[in-house]
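Here's the structure we're looking at; comments come further down.
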Amino acid sequence: MKKKSLFFLLLLLAFGQVYGQQDRKVENAAAFTQLYGYVRYFHPSDEAAAIDWDRFAIYGSKQIAGCKSPEELRATLTALFQPIAPTVKVCLENEEVKFDAADITPPSLKKYKTIAWQHQGMGQGGKNSPYKSLRLNRPVLYKTSSAQFGPIMKAITASEYQGKEFIFTGKVKRATGSGTGHLWVRVDKTNKSTGFFDNMGGRSIQSDQWATYEIKGKVDKGADKIVVGAFLMGEGELWLDDMSLKVNDNGNWKEIYNEQFTGEKEGIADKILSSGLSWKPGNGYLFTIQQNSKDDKWLSVKSEEASVLKAKKPSQLFKPHPKPGEYTAKTLAGGLKVVVPLALYGTDAQTYPASDKALLTKLQQELEAIPASDINGANLYTRLGSTAITWNIFQHFYPYFDIVKTDWDQDLHQALASAYTDQTATDFQKTLQLLTAKLKDGHVWVTTSESKATHLPPIAWEWVENKLVITAVYDEAIPLAKGDIVTSIDGTTPEAYFENLHQYISAATPGWLNHRAKSESLLGEPESTLHLTVLQADNSTADLQLKRTFSHNQVRAAIPSTENIRSVAEGVTYVNIGKAPMKDIQAAMPALQQSKAIICDLRGYPNGNHELIQYLLPAKDTSSQWMQTPHIIYPDQEKVVGYRKSSWGLRPKSPRLTAKVIFLIDGQAISYAESYMSFIEHYKLATIVGQPTAGTNGNVNPFTLPGGYRISWTGMKVQKHDGSQLHGVGILPDVYVEKTIQGVREGRDEFLEKAIQLAGEAL
């Protein structure tokens, strides 16, 4: 017994040591993350402003990983940041450290000016963006080009190939960089919808060796064109050769397109090759024909360096800014604290004091030496660095923490611990989704080109009367009907299935959460299966396996369409705001003037037609401050010094529509739709019917992360026109409507029916 007890004691100690080491690593990463944000966004040295912060996030995460004590962590962080922020002081939490203004003050202030950060939201260099960041008394740098997506394409008439199998192949290699290569095929149908579509999502090309890749599929009925091509996503260089499209013509594979580039001249390529392969110049990519022998030629797609445009005169975004002598003292994780000067003196050439040039050069060389192949979601330090970047952007610039009230520091620790155990790019995508879901921001999407969840089964479902109900079936061969009730999904209850999914979705309202979940719950890898048990209308049950064979485009193409502007009852005109362009609405203006009632359907996203509001306004719009972009000069949003306030400033237009107006809304109406509806609600321009909107508005401010991740989010605060809360509330209906299972089975639009009823009562 004593031996067994000793064994368990040793086992317990071993586990405790492992978990202690893991906790120490997470604390180290959290301390680096916090210091990273303070220096990147608020310490104004020239050296810090010039560093490659994405690579520094990866490099720093690796350097601090092995620190075993606060003392080691302090020494490592000091060495890391010394080349870019020599006046930043890292110390133990029990040490007393005072900021000394003499450390940042040159012997003479002649020719010195104040250098300090100002942020209007979080600027990323876009000249026309509402979000701008600059350093006072430093030239303003604007990006004039940015490489994101470099496609090439060739369209082939498809009418004679309808219903036939095809295979598209190409030899590809990623020559340099961190971007990803893709072949792609899209079938365009005669009704302007999209059929088959595959762009190698989830199986992108990252190898630096030539290899042949393929896409297989079937040409849809009603096909007009088969569009084939390739693209480079992100930065680097992609080489392409031997592209071929073959169609199975009664068992004989017939090649209908081939491109080997042998007939093209070496050098900058024409935007349309002799074969018809083409691309759009000026999108941040260079297209060249390369060769190493007379006949061996290939096409190179290479990202251009993002160039910058210097403003003629340095400027400031607003009046408040940190003064020399101002600093922030913050507690860091891992038993440390830090003092960071928020303003420095600087000449036109250099902030004071300058860092050690040898140390700075060495750091820059080590950052450049990080192999591009290491910057991916499978690399631990890429994951930790990307977590640091993400957390800081929201920590310092997300405008809704007062509403969300999450423990963002604890959220950081959980995300870092998860990043340590993730194995794949998809694992880490889920970690980022879990982290950002805590923000309850409907604009948040975390995407990666490596995601394999790209297809859906040919059905739609949603929660109706607290049951998961089939609302559409896009394949007649499937033994399902509208109104069938799902009772089991892959062996679990629908409630448990959706509860697990909800934790990965950032949503401010239940309506948006349900909208996102009803499609994302169906997503999976192509040809993967979904096992369902359903209760049918006759109370019989059925078990079936559904294959995920439809892309998003195919699902959209399968949805029946109706006229965007039409009469739905005597004297009642229906306008689909989500689809009808403004030119069609203007063309229908005579009919709208004669209507007794107008039903505007905004269960979705407007099609650039908010000018319609001006035909409803009785007087000039006077609400001028409902969009507010924060002015930030201090970290942790501890004191927002003001806001840039703006509005649309709409004016009435003639002829004014005097019919009774009814707007239909639901939880999928987000952002632009809520700007639209805020006028309808505030000025009481219509009766609003349906369910609350998504409760998320404001210009998105997306950013990319090392490893090819992209996160969109809301960068400004938007209120209702009366100054009340919009975020998490949304636009509320005057008349609330719920779908019923019976209505789904009968194919009725109960929202529209209620609107027609209300319109009839007003006639």
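The values are calculated or read from the model by the stated rules, or taken from the named source; none is laboratory data. From a predicted model like this one, the values you see are computed outputs, not experimental measurements. Cβ coordinates were reconstructed from backbone atoms using ideal geometry, including for glycine residues, and neighbour counts include every protein chain displayed.
Here's the yes/no breakdown for (1) surrounded by fewer than 22 Cβ atoms within 10 Å (Cβ to Cβ); (2) in contact with a strand residue (DSSP E or B) (Cβ under 6 Å, 6 or more places away or on another chain):
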| position | (1), (2) |
| --- | --- |
| Y36 | no, no |
| F42 | no, yes |
| R74 | no, yes |
| Q82 | yes, no |
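Would you tally the residues in segment 240-265 being touching a residue at least 24 places away in the same chain (Cβ under 8 Å) and not in a loop (DSSP other than H, G, I, E, B)? Lay out the reasoning, then the answer.
Here is the first cut: in segment 240-265, the ones touching a residue at least 24 places away in the same chain (Cβ under 8 Å) are 240-249, 253, 256-257, 259-262, 264-265.
Checking which are not in a loop (DSSP other than H, G, I, E, B) leaves us with 240-249, 253, 256-257, 259.
Residues flagged as touching a residue at least 24 places away in the same chain (Cβ under 8 Å) and not in a loop (DSSP other than H, G, I, E, B) within segment 240-265 amount to 14.
Before we move on, is Y497 out of contact with any Leu (no Cβ under 6 Å at 6 or more places or on another chain), at pLDDT 95 or above and either assigned to a loop (DSSP other than H, G, I, E, B) or in the same structural domain as I662 (by TED's automatic domain parsing) (or both)? Step through it out loud before you land on a result.
On the way: out of contact with any Leu (no Cβ under 6 Å at 6 or more places or on another chain): yes; at pLDDT 95 or above: yes; either assigned to a loop (DSSP other than H, G, I, E, B) or in the same structural domain as I662 (by TED's automatic domain parsing) (or both): no.
When the stated conditions are applied, Y497 does not pass them.
Across segment 184-216, what is the number of residues that are part of a strand (DSSP E or B) and under 29 Å from the mean Cα position of the chain (by Cα)?
Going through segment 184-216, the residues part of a strand (DSSP E or B) turn out to be 184-189, 194-198, 205, 211-216.
Within this subset, residues satisfying the condition of being under 29 Å from the mean Cα position of the chain (by Cα) are 184-189, 194-198, 205, 213-216.
Residues that pass the stated criteria total 16.
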- With respect to the numbered conditions (1) under 30 Å from K754 (Cβ atoms); (2) out of contact with any helix residue (DSSP H, G or I) (no Cβ under 9 Å at 6 or more places or on another chain); (3) not in a helix (DSSP H, G or I), which one is the sole condition not fulfilled by Q614? (3)
- Name every residue in segment 407-436 that is over 18 Å from N392 (Cβ atoms) and either assigned by TED's automatic domain parsing to the domain that holds D636 or β-branched (V, I, T) (or both), in order of residue number. T421, T424, T426
- Message: Among the residues of segment 582-595, are any in contact (Cβ under 8 Å) with a residue 40 or more places away in the chain and of a type in the set (S, T, N, Q)?
- Response: yes
- Item | Every pair of residues 6+ apart whose Cβ atoms lie under 6 Å, when the first sits in segment 282-295 and is assigned by TED's automatic domain parsing to the domain that holds G236 and β-branched (V, I, T) while the second is modelled with pLDDT of 85 or more and part of a strand (DSSP E or B) | T288/S300; I289/K297
- Can you work out which of the residues in segment 635-652 that are touching an Asp or Glu at 6+ places or on another chain (Cβ under 9 Å) and of a type in the set (G, A, S) is surrounded by the fewest Cβ atoms within 10 Å (Cβ to Cβ)? G649
- Item | Cβ pairs under 6 Å, 6+ apart, first in segment 514-543 and in the same structural domain as A496 (by TED's automatic domain parsing) and under 18 Å from L501 (Cα atoms), second of a type in the set (A, V, I, L, M) and in a helix (DSSP H, G or I) | A517/L501; S521/L501
- Note on the structure: Subset of segment 423-437, residues surrounded by fewer than 20 Cβ atoms within 10 Å (Cβ to Cβ) and either of a type in the set (S, T, N, Q) or part of a loop (DSSP other than H, G, I, E, B) (or both), comes to Q423, T424, T426, Q433
- Query: Listed residues N564, N576, N539; which is on the phi > 0 side of the Ramachandran plot and of a type outside the set (G, A, S)?
  - Reply: N539
- Message: Can you find a residue that is at pLDDT below 95, in a helix (DSSP H, G or I), within 22 Å of D411 (Cα to Cα) and in contact with a helix residue (DSSP H, G or I) (Cβ under 8 Å, 6 or more places away or on another chain) anywhere in segment 58-72?
- Response: no
- Among the residues listed as I670, I632, I688, I680, the single one being among the aliphatic types (A, V, I, L, M), buried (at least 18 other Cβ atoms within 10 Å of the Cβ), in contact with a Pro (Cβ under 9 Å, 6 or more places away or on another chain) and at pLDDT 95 or above: I688
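How many residues, within segment 438-451, are assigned to a loop (DSSP other than H, G, I, E, B) and in contact with a helix residue (DSSP H, G or I) (Cβ under 7 Å, 6 or more places away or on another chain)?
Taking segment 438-451 and keeping what is assigned to a loop (DSSP other than H, G, I, E, B), we get 438-444, 449-451.
Right, trim to in contact with a helix residue (DSSP H, G or I) (Cβ under 7 Å, 6 or more places away or on another chain) and you get 438-440, 442, 444, 450-451.
Counting residues in segment 438-451 that are assigned to a loop (DSSP other than H, G, I, E, B) and in contact with a helix residue (DSSP H, G or I) (Cβ under 7 Å, 6 or more places away or on another chain) gives 7.
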